[in-house]
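Have a look at the structure below, then the notes.
The values are calculated or read from the model by the stated rules, or taken from the named source; none is laboratory data. What you see is a predicted model; the values in this text were computed from it and never measured. Positions of Cβ are generated from backbone atoms using ideal geometry, with glycine treated the same way; all protein chains shown enter the neighbour counts.
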């Protein structure tokens with residue numbers, strides 16, 4: 001890495017660019033069961049700071065890729081906004097409350113959910129509870145009332161279904177070759193691996209995963225969700241038609 005950083009420094013100098021080294025740091029990714037060792041990286045002779053987590057485009061990335069810090073952060077933000085909803089719910093109409101939900105709550109639940117949303121249930125429990133509380137506030141339900149009918153009636157995606165929605169939308173674009181090359185994922189179908197005719201030959205094959213972190217990743221969850229869809233949905237060609245159909249399917253399933 002230090003050899004590569006020398007090349008980076010030379011490229012910056014050749015293009016008359018500068019890098020703020022005080023804001024530059026690096027993370028050494030490792031398993032949560034292992035203690036990450038300390039490493040020394042230098043750029044222009046200055047030592048770079050090694051951190052355990054950092055914020056990139058609004059998402060906190062930690063060294064174990066558990067996303068626990070990011071989930072904790074958005075949990076605090078949603079908790080504050082729930083207080084706003086609770087105070088004004090008796091003074092504004094229902095449609096305005098729905099609009100506020102999609103303004104104050106939903107963006108935090110959906111932003112980059114495809115990355116962190118498929119996770120340990122214990123990490124997501126507080127977010128799931130807060131989303132249910134938001135629905136109770138909007139619908140003027142008692143504190144311990146069930147929320148599943150309200151999710152379905154008002155076509156609100158649960159946290160789990162938001163994750164499924166984003167993954168399936170990615171798989172639809174991959175299947176129809178609508179993704180930029182920079183984020184294209186290498187997935188193979190059975191027919192691309194062997195010439196034998198089987199019932200699942202047209203299914204995508206998940207990547208092998210030994211660790212839970214990999215099992216939660218898109219190459220493992222994406223093929224499984226896509227293969228479980230009805231053929232009528234897989235054969236759709238319009239992105240908007242697929243969005244409407246898959247949202248309707250997920251709302252009806254109402255995984256909460």
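Okay, residues lined up against (1) surrounded by fewer than 16 Cβ atoms within 10 Å (Cβ to Cβ); (2) at negative phi; (3) modelled with pLDDT under 90:
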| residue | (1), (2), (3) |
| --- | --- |
| 200 | yes, yes, yes |
| 206 | no, yes, yes |
| 212 | yes, yes, yes |
| 218 | no, yes, yes |
| 237 | yes, yes, yes |
| 254 | no, no, yes |
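Looking at residue 249, is it under 19 Å from the mean Cα position of the chain (by Cα), at pLDDT 80 or above and under 21 Å from residue 110 (Cα atoms)? It would help to see each step written out before you state the result.
Working: under 19 Å from the mean Cα position of the chain (by Cα): no; at pLDDT 80 or above: yes; under 21 Å from residue 110 (Cα atoms): yes.
Answer is no for this residue.
Checking the condition assigned to a loop (DSSP other than H, G, I, E, B), in contact with a helix residue (DSSP H, G or I) (Cβ under 7 Å, 6 or more places away or on another chain) and in contact (Cβ under 8 Å) with a residue 12 or more places away in the chain, which residue from 65, 82, 97, 28 passes? Before you say what the answer is, go through the steps one by one.
Numbers: 82 fails: assigned to a loop (DSSP other than H, G, I, E, B); 97 fails: assigned to a loop (DSSP other than H, G, I, E, B); 28 fails: in contact with a helix residue (DSSP H, G or I) (Cβ under 7 Å, 6 or more places away or on another chain).
The conditions single out 65.
Filter segment 34-45 for residues that are surrounded by 11 or more Cβ atoms within 10 Å (Cβ to Cβ) and in contact with a helix residue (DSSP H, G or I) (Cβ under 9 Å, 6 or more places away or on another chain) and give the result.
To start, the set of residues in segment 34-45 that are surrounded by 11 or more Cβ atoms within 10 Å (Cβ to Cβ) comprises 36, 39, 41-44.
Matches in segment 34-45: 41, 42, 43, 44.
What are the residues in segment 122-146 that are surrounded by fewer than 18 Cβ atoms within 10 Å (Cβ to Cβ), under 22 Å from the mean Cα position of the chain (by Cα) and within 17 Å of residue 157 (Cα to Cα), if any?
125, 126, 128, 129
Which numbered condition in (1) in a helix (DSSP H, G or I); (2) surrounded by fewer than 18 Cβ atoms within 10 Å (Cβ to Cβ); (3) not assigned by TED's automatic domain parsing to the domain that holds residue 223 is the only one that residue 90 fails?
Failed condition: (1).
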